[in-house]
Amino acid sequence: MKNDVSNSYQAAHHTNGYEFSQGTGYVLPEYESVIPEAVHSGAVEHHRILIVGGGLAGLTLACSLAQLGVDCVLLDEDNTVGVKGASSRGICYTQKSLEIFDKLGIYERIKAKGIQWSVGRTFAGEDEVYSFDLKAQGNFSLSEQPAFINIQQFYNEGYLVERIQELGKAQIRWNNRVTAFAVKDDLATFSLATPAGKYTATADFVIDATGSRSPFHDWLKISKTSKKGDDRWCIADVRFNTHPPKERHTWIEAPFNDNRAVWQHLMADDVWRIDYQMAPDADPAIVSREDLVRERLAKQFGAETKVDIVWVGPYAYRSECVDRMIAAAGKSMVFFMGDSAKVVSPFGARGGNTGIADADNLAWKLAGVVQGRAEPSLLNSYHAERHEAAVTNVKVTNRTARFLRPQDGMERIFRSATIALAKKHAFARSLVNTGRMAVANPYSKSPLTAPELALSISVQNVGFEWANGSAGCLNQLLQWACGLPLILLWAEGAQALPGAELKMLQALSREGQIRAVLVRQRKEAAFAATEQIHDAAGRLAQACGFSAGLPTQAWALIRSDSYLAACGSGIRCDAIQAALFRLHGRQKNAVDMP
Amino acid sequence: MTAPILHSQWSDPDGFYEALLDAHQSLSDEESVAFNARLILILANQLGDAELLSQCLQLAKK
């Protein structure tokens, strides 16, 4: 027998509770329902690629596929972005996500609307314990995109929707809800409901981008690890007339919040996002009451500050990770993406951003297979690569959650010790954990990476000059490559490219298998190519990991998702061929289907 | 790979032992626990290496 009180606690355990939203709210767009012909004709539709869920991950995938010239259908059970009447949700977008959005053509809108930041400060009591400036860190400094932009999640989703509408190729079907799933005749088969009636569809490649309450987990009997906690937060999106600095401020122990944690961030439209940690297992209905929220804000910003509450909501979280990122449904393949693959504790911006990266990772691989360039076994690398990223992000964020919600007793004692020491000594600051900010996860176990490369890293979106002197960046090369492997070649000095290698690269380019470009540091270098760019400061080489200065001849193979697959000093046919072989899903010991 | 040193490295074992006990003399039980936690972190940082520290934790388990 269910008890009303335990129902609301259970809701807080498993979901992000938006049920108690208050405030004037955001005005979200409403899109028209899309009713497919199959509703009237009764025919069973078949799709090569079917994406279920129109959130950050699903929309990024649909947009990427559209840009690569691949048809797909995306189903969303709703007709808006975000969730009706709900909040800012994921607000910190990493450099990697911004680079992906730049490649897709929506970055300028995000830059115009959002807030850039790079400085973070952590406080305990009245003291600042720790601060960082991401701009000073090497792995952010080469990109055209900043370390972070804060913007409400629904803006990015809305921009993706509009870009998809511009590109064509991807069809978003609003108000199409999956009501049942089965495997029939070896195919993933969906029963779908729309406002005008039902229809059935099958698909070869299914992407589960349904979020943290995926129905696919039960349908496919997915094994996964989950962890729940009693940490509770209350989020408030507010406007006020004072102007705190555009920095990320986190309090481990805020005197104005019963010595619990507080997060403070600026988003678009001059709206501040303030997250208050509540007592463990706090009642969501009580903590999100307007008078209590106003009381908290007054304690933090002063009673005279005029406050405009835009949205309030209680928040609980769990962590979860599927054991396999790909499941078989007959001969169909189901890919888990975004929160349906892994749910993370909300510290360090590793939630939405990881979903966006999942999508960018899969898009070029799906395009390669569907367009006949690559073997289906290439798709298995999605598990090898993105599962490693998922496991890492769950581990890192759970460590933060443990610091912010330590168990009573010894865990709390160690935290107090850490904070006390950190106020006086640098060594202890490394232990203060209010979030390890997300980075583009490197891949250490990918079958697509050259064995000599310990890690496949994401090459930053470096700026350079086109041959005519105008400004360019790596993303433009990737857009030109349109899913094909991109080969960068360096050959300074009087040396030309070796003859056999040059012939091979020319043939592969002519056949539409690769795109290759010569990167020159000095404009007077003897060797020239039709496809060449100028990088006087050698920043592309640096971004590709050539740290000890560039050899006379070198090459790098960059995938469509910016990850480095192979590189070397000296340009050799066999090394390049082996690298390309791997990127097309062909290798000596093929990875078995999960 | 560094293993924990198990032979005596003390330059003044009795002196250290006395100082450690004296440090707790005027402390309540709660203050002693907090002091020990701070001391552990300070000393652990002197070693620094994650593998070595992990082995020390294993040693302490029994």
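Each part gets one Cα centre, and for segment A:112-187 versus segment B:5-30 those centres are 52 Å apart. Extending 7 Å from the Cα toward the beta-carbon at both B:I5 and A:L292 defines two label points whose distance is 5.5 nm. Amide H contacts for A:Q521 (H built 1.01 Å from N in the peptide plane; partners 5 or more residues away or on another chain; cut-off under 5 Å): A:D535. Using R₀ = 56 Å, calculate the FRET efficiency as 1/(1 + (r/R₀)^6) where r is the Cβ-Cβ separation of A:V183 and A:Q532; round to 0.05. That pair, A:V183 with A:Q532, gives E of 0.65. Under a Cβ-Cβ cut-off of 13 Å, what is the net charge of the residues other than A:A374 that fall near it, where Lys and Arg count +1 and Asp and Glu count -1? Net charge around A:A374: +4. A:N150 sits among other residues whose Cβ lies under 9 Å from its own Cβ, and their net charge, with Lys and Arg +1 and Asp and Glu -1, is +3. Compared with the direct C-alpha span, the chain from B:K61 to B:A23 gains 11.2 nm at full extension, assuming 0.36 nm per residue. Residue ranges A:364-375, A:63-74, A:510-521 sort as A:63-74, A:364-375, A:510-521 when ordered by packing (mean number of other C-beta atoms within 10 Å per residue, highest first). The GluC sites (Glu not before Pro) of segment A:42-143 that DSSP puts in a loop, and whose beta carbon has at most 12 other beta carbons within 10 Å, are A:E126. Ranked for footprinting exposure by Cβ neighbours inside 10 Å, fewest first, A:S41, A:S416, A:S340, A:S456 give A:S41, A:S416, A:S456, A:S340. Is the C-alpha gyration tensor of the protein assembly as shown telling us rounded, prolate or oblate? Criteria: a/c under 1.5 is rounded; beyond that, a/b larger than b/c is prolate, otherwise oblate. Verdict is oblate for the protein assembly as shown. Report, for chain A, the % of DSSP beta bridges that are antiparallel, rounded to 5. Bridges in chain A are about 70 percent antiparallel. One decimal place: the segment A:S470-A:D127 gains 118.7 nm when fully extended, by the rule 0.36 nm per residue minus the C-alpha distance.
Each label was represented as a point 7 Å from its Cα along the Cα-to-Cβ direction; for B:V33 and A:K445 these points are 3.9 nm apart. For A:A261, the residues whose amide H sits under 5 Å from its own are A:A254, A:Q277, ignoring neighbours fewer than 5 places away on the same chain, with H placed 1.01 Å from N.
Ordered by the count of other Cβ atoms within 10 Å of each Cβ, fewest first, A:T80, A:T225 give A:T225, A:T80. For chain A, the 222 nm mean residue ellipticity estimated from helices alone, with every DSSP H stretch of n ≥ 4 adding -39500 (n - 2.57) and the total spread over all residues, rounds to -9000 deg cm²/dmol.
Taking a ≥ b ≥ c as the square roots of the eigenvalues of the Cα gyration tensor, an a/c ratio of 1.5 or more together with a/b no larger than b/c marks chain B as oblate. If the segment from A:A507 to A:E247 were pulled out straight at 0.36 nm per residue, it would be longer than the present Cα-Cα gap by 88.5 nm. Panel order for A:T397, A:T60, A:T530, A:T194, by other beta carbons found within 10 Å of each beta carbon, from fewest to most: A:T530, A:T194, A:T397, A:T60. Tell me, how many Å apart are the Cα centres for segment A:546-574 and for segment A:393-449? About 34 Å separates the Cα centre of segment A:546-574 from the one of segment A:393-449.
Distance between the 7 Å Cα→Cβ label points at B:L43 and A:R213: 5.1 nm.
Electrostatic bookkeeping for A:S560 treats Lys and Arg as +1 and Asp and Glu as -1; over the other residues with beta carbon under 12 Å from its beta carbon, the sum is +3.
Only Lys, Arg, Asp and Glu carry charge here, each on its Cβ (+1 for the first two, -1 for the last two); on that basis the protein assembly as shown has a dipole of about 1040 debye about its Cα centre.
Values quoted throughout were computed directly from the atomic coordinates according to the rules given, and no laboratory measurement underlies them. What you see is a predicted model, and the numbers here were worked out from it, not measured in a lab. Don't worry about glycine lacking a Cβ; one is built from the backbone with ideal geometry, like all the others, and counts go over all protein chains shown.
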